[in-house]
Structure formats: structure tokens, C-alpha cells
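Take a look at the structure below.
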Amino acid sequence: IRNLMEKYYDDGVAPIMKKEDDPFWDPPTPVLIGHSYLKLEHLACQIENDDDLGIISVDGKGNSDAKLSVGYKPCTSTGETDEGLLPLEFAVDDPMELVGKKDLYFKVYVEKAKNLPDNMCSDVFVRYHFMYEDGMYHQTEPAKGENKRPTFGYEKVHCIEDITEDVANYLKKGSICF
């Protein structure tokens, strides 16, 4: 900073530089609007689940009308969701029957949000993760600009490679946190 100031005082010209090199500029950082939770119990029985979930504000003062449209569908390794193509071995009544099975595929989708707070609707994106993926996060592309009703159109195929007892319990009682 001192060198930039001295250069300005010496020649009277403000330095021109990229934002990344400017010591007075900080890149924008995301601000958490809130959380939405989608139960995984249906996935354990090979049933799709989608919903317009309420967004629970982190400060308790958020817009109670804010919603996030998300879901998941059982699928094949190529993302096909036709029920006739799904492996019958995953059609169980109790998630504990899945223990020992491998390669459970499902597609997560994030469609849109609505009624986001006025002061928190710029370049919005959605991030989620699963307990069994040790800190790995999945994220939509940001909806550019200010938009209280962003559309994401996000889909991603996931695979649970090995269904352990812990994973089966997670499917039975857990949720995806968006």
C-alpha cells in the first residue's frame, strides 16, 4: 500500500490495476440465507421425493415465505429415472435391508427458489452435501444478478457405492441439507 501511495504522490496518477491486485478490494463472500431439509427416507425405498421446502433463516428473522424447490429420484448409473429400468434389489421396505448392497444411484435436482429476502438475492446459489461424503459439497451455478425468484435447473446423479449400516441409518432418519 505504501508503495502505491508513494507512486501516486510522485507522479499524480492513480494506479490502474486488476481487482485481485488492489489491496483495498476484497472479493465478495457468500452470505448464508438459510437452510432447507429434505428427508432421505423415501430414497431408501426407491421412491422419488420433491417439495417446495421452507427456507429456515439462520438469524431467525428471515422471510417465512421463502421457498426452495428441490428433490431426488432413484435412477440408473446413466441418470435414467424410468421405474422399469431401476434395479429391483433396491426396492425394500426397510432401509436396513440395503446393508451390503452397492451402487445405489439417485438424481438430486434443485429447480428454483422464491420469495428470497430483498437484501440477499444477488448471485444466489444452492449448496448441499451428504453425511457419507466427508466434507464434499455440491453446488448449483449462481443465478446471476439480483433475483428474488432464481431458477437453477440443476441436476446431478449421485451414487452410494457401499451401503453400510451407518449409511442405511442415514437414509432412514437423515436429510439432505440445502
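Of note:
- For the peptides 27-33, 105-111, 45-51, the ranking by packing is 105-111, 45-51, 27-33, with the highest mean count of neighbouring Cβ atoms within 10 Å listed first.
- Each peptide in 112-118, 92-98, 79-85 was scored by the mean count of other Cβ atoms within 10 Å over its residues; highest first, the order is 112-118, 92-98, 79-85.
- Calculated P(r) of the stretch 1-150 - Cα pairs past 23 Å, %: 56 percent
- Rounded accessible area per residue of the stretch 35-122, 1.4 Å, Å²: 55 Å²
- All other residues whose Cβ lies under 14 angstrom from that of residue 145 are scored, Lys and Arg at +1 and Asp and Glu at -1, for a net of -1.
- Among 30, 81, 126 the positive-end extreme of the charge dipole of the chain (Cβ point charges): 30
- Alpha carbon convex hull of the stretch 106-158, projected area averaged over orientations, nm²: 4.0 nm²
- Straight-distance crosslink candidates among lysines, where the alpha carbon sits under 27 Å from residue 156 and sequence neighbours closer than 8 are dropped: 39, 67, 73, 101, 102, 107, 112, 114, 144, 148, 172, 173
- The convex hull drawn around the Cα atoms of the stretch 135-178, when projected onto a plane and averaged over every direction, covers 4.6 nm².
- Volume per residue that the Cα convex hull of the stretch 33-108 spans, once the total is divided by residue count, Å³: 111 Å³
- The chain - percent of accessible surface contributed by carbon and sulfur, probe 1.4 Å: 47 percent
- Degrees separating the helix 2-11 axis from the principal Cα axis of the chain, which is the longest one: 40 degrees
- In the chain, the calculated helix contribution to ellipticity at 222 nm averages -3500 deg cm²/dmol per residue, counting -39,500 (n - 2.57) for every DSSP H run with n ≥ 4.
- Centroid-to-centroid, using Cα positions, the stretch 117-161 and the stretch 1-73 are 10 Å apart.
The values are calculated or read from the model by the stated rules, or taken from the named source; none is laboratory data. Computed from a prediction, not measured in an experiment: that's the story for all the values here. All Cβ positions, glycine included, derive from the backbone under ideal geometry; neighbour counts span all protein chains shown. Please note that ligands, DNA and RNA were not included when accessible areas were found on the heavy atoms of the full protein model with its side chains. Shrake-Rupley method; radii C 1.70, N 1.55, O 1.52, S 1.80 Å.
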